[in-house]
1. Within the range A:400-442, find all residues whose amide N lies under 16 Å from a label point positioned 7 Å from the Cα of residue B:131 along Cα-to-beta-carbon.
2. Per-residue mean of other chain beta-carbon atoms within 10 angstrom of the beta-carbon, peptide B:36-46?
3. For the range A:487-511, list residues with backbone N below 16 Å from a point placed 7 Å from the Cα of residue A:539 toward its Cβ?
4. Could you work out, residue by residue across B:95-105, how many beta carbons of other chains sit within 10 Å of that residue's beta carbon, and then give the average as an integer?
5. Using the Cα centre of the range A:451-599 as the reference point, and only Cβ charges (+1 on K/R, -1 on D/E), how large is the resulting charge dipole? Debye, rounded to the nearest 20.
6. Using a cut-off of 12 Å between beta-carbons, work out the net charge of the residues near residue A:163 (Lys and Arg +1, Asp and Glu -1, residue A:163 not included).
7. Sorting A:755, A:558 on the 10 Å Cβ count, fewest up front, what's the list?
8. Rounded to the nearest 5, what is the percent of antiparallel bridges among the DSSP beta bridges in the protein assembly as shown?
Amino acid sequence: MTADAVIGRKPPRRRVPLIDGIEKVIGRARYTADLDHADALVGRILRSPVSHGDILTLDVSRARALEGVVAVVTGDDCDHTFGVLPIAMNEYPLARGRVRYRGEPVAAIAAVDAETAERALGLIELKIRELQAYYTSDAARAEDAVLLHDNKPGNVEREVHHQFGDIDLGFAAADLVREETFCCAEVNHAQIEPHASLAEFDPLAGRLTVQTVSQVGYYLHLMLARCLDMEPSQIRVIKPFIGGGFGARVETLNFEIVTALLARAAAGKVLMVLSREETFITHRARPHTDIRLKLGMNKKGRLTACELQVVQRGGAYAGYGIITILYAGSLLHGIYDIPAVKYDGYRIYANLPPCGAMRGHGSVDTRHAFECLVDRMARELELDPFVVRRANLLASPTRTMNDLMINSYGLAECLDRVELASKWKERIGRMPPGKGLGMACSHYVSGAAKPIHFTGEPHAVVNLKLDFDGGVTALTGAADIGQGSSTMLAIAVAETLDISLERVRVISADTAITPKDNGAYSSRITFMVGNAAIDAARKLKALLVATAARKLEARPEDVDCVNETFCVGSGNQSALPFADVVAAALIDEGAISIKGTFTCPPESQGGKHRGGAVGATMGFSYAAQVVEVDVDETTGQVKVEKVWVALDCGHAINPLAVEGQIQGSVWMGMGQALSEETRYLDGLPAHASMLEYRMPTIMDSPPIETHIVETHDPYGPLGAKEASEGALAGFPPALINAVANAIGIDLKELPATPDRVMDALIQRRRQARLAHTLKAAS
Amino acid sequence: MHAPGPESKKRLLRLRLNGRWREDAVLETDLLVDYLREVARLTGTKTGCDGGECGACTVLVDGEAVPSCITLAVRCGGRSVETIESLATQGRLSRLQRAFHEKLGAQCGFCTPGMIMAAEALLRRNPAPAEDEIRAALSGNLCRCTGYVKIIESVQAAMGAAHDR
């Protein structure tokens, strides 16, 4: 279905399995908990039993005295906060003075075995004076609410007010104006690997080595230095295999610092493996979001104005909050041409685990509301949903009103592909009872053009080493977390040099060895690290070509490397094998080390308005999808029959991996749309297991037909853009639109669980009966 | 280090692990997954949940797929236990391993050992399962990366395929 959907070059592009795939299928891949920990102590965390309160007593003396306990740490052992933005680091690894959510770490133990560590937890005396706790945005914003953080009145972490274009003029020009509210439940990454960290402190050398699940090793490195008051050069952070991330491990997590604190206190090695419940409590995912959206549209489906209000329940600490609430507004732009846009965003503190970044960061709930309302208005105007989307396309290259660069734009082709593949025109309006089709579009950034931790350095650095063995080793800080970024890097290097893939080795994410990288977030690796890798490979190729030219007594510009052979012109007369050229080059150079970099230019880094950098990228991916559903009106069960999705990823460096990413992101959107939500009872997570947090199983998962659209982005590596996030946000609205098509009900809430669908059906029946009764009475 | 208490009640477990008989002292309360990972040092078998929910720990006991995180090690006395480490022999991937690798049935790879072992049990008892039989056999194994599309394709590719030569 998909390989032939790619318009390939000649010869056809290879579908490359992951370069670390064999280790995964034979069980040899070592994740953090698999690392050698025979001599490690076992770490355990004592967590707050209440949602909000002041710590009156924290007495660890009995725990410390227990035989087999080697170290105990509390908030007294670390008076530095950590977080994401320098202006918003308000979280301690272990609570100091006050706890703000149920499950917040309060103390930690390192002991000789798990049993002892757990017994020691029970010996800690903790007394807390409870404060009023808030579990909804409204409650936290109430006038008399206790503040979670003294410097944040109203418990508002951040307000955003952006306006572009003349909003009044826009609505005045509309033939139809509609305003609706939407509510999207909080969801979680639920990566299958529970959180884990292995920290070793060498008291003789004064050095700390941490192997952990981080997607952004260098940032953890900096936070460890900050929180442990250590010289950064004495720290090393190594990424083992990682069992999924999806944003869960983008920010430094409390348990990672706690494990390091324990290792130092114990002067040894500590393994901390969190339970699934603790992994859920650590959270950092997509917040519960309330949305009010108003759109203006003319009779032809052209949008005239958009007014959006978003309230995100951010949890107890800042984390990524400011970025998330900015994304929710800025990514209204960049997909359609809307003449006027007003955005008001509110990020609220509440007594729940902190939210953070999750696949489609900030854009998903906004996109959901937008695509649902557009569809409903199209229906009122008797316009086809595809027609309405086509009426609002952008023309690239362009700059949006909020100063985002659009350099390539394949949404029109995505629409064509899924409309055709799903046989939309033949089937829409002719579906049997209970069955429906829905569609929606979405987009996402290929990395933040202004990094979150801005230093002015290049956005990515890749080192290549070529040595006596003829192997090319790529050193990158970029974390392969299963998305296949190391494979992408190997392909980019091999293609640029025109050498076999087997000759390339990738060493990733070890802060002692690999150059700093901003990490695996905002789908930046392919675009930024890919470009840096190609830059390095081109420089290496130039060096080898120069050597070959000398040997061949030709001009360098006449020499090329084709399939590991350096030749002049067509190569019929004189040619040199790769190994000979490497040997000759080493005589001049010794072992060759070459650096490639990539930098997003200032003009790509967003607008000058406050928060204008968030959403800025060198390349947006675009997606359109059609979802077919079957709704059982007796149970409220929504079943997804099939999905057709097209993604403009610029160029599929590895079509196999691109398909995998599209399918995975669409499916994750399906989970949010159908069944996934976190729920808390007085702050106690009611979802914190794989049974209660209902992600779709293989039984609920439909065929997902993928189509790759290639717009050959002018700045992307080999023309590529991101492929891992862009298709996610389109699924929830496409599903809700399909449900509307099937049973005529417009759901306001995500997920579309059977109880919500039944409530809506019952309400409709009641209203129908009432109308009937009123009519009969009159 | 503190000394183990006098109450330590380990018994001898004798089982065939990946084709070889071995004996180890275990507690009656030790779970099979912990025995495999901590005693036998076979870390291919993963723990993804707090008990019996995700399937990452799936191994074969006498050829049947079981979650090793809710199986007591002592229950495997005298029985044959197979883990992901047993499938590749003499440098050859099994048909399922090759298919999961080539078809991208594994992304992050954390659910993969359990997924492959569950599929292995299926193909042994049913060499040519229909798609709904594949789905039913893998319904206790959660994956967060693939959306399952390429997992189903991987199992189908492995069906009937001979071991890699």
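1. Residues passing the 16 Å test: A:422.
2. Numbers: counts 0, 2, 2, 0, 0, 3, 2, 9, 8, 2, 9.
Across the residues of B:36-46, the mean count of other-chain Cβ atoms within 10 Å is 3.
3. The answer is A:493, A:497.
4. Numbers: counts 0, 1, 6, 3, 1, 5, 8, 6, 4, 13, 5.
Partner Cβ neighbours, averaged per residue: 5.
5. Working: 12 positive and 18 negative charges, 59 e Å.
Rounded to the nearest 20 debye, it is 280 debye.
6. Values: positive: A:342; negative: A:166, A:168, A:307, A:344.
Charge balance in the 12 Å sphere: -3.
7. Details: A:755 9, A:558 12.
Placing the least packed residue first, the sequence is A:755, A:558.
8. Numbers: 119 of 150 bridges.
Within the protein assembly as shown, antiparallel bridges account for around 80 percent of the total.
Computed from the coordinates by the stated procedures, all read-outs in this text should not be read as laboratory data. Small disclaimer: the values here were computed from a predicted structure and weren't measured. All Cβ positions, even for glycine, are placed from backbone atoms using ideal geometry, and neighbour counts span all protein chains on display.
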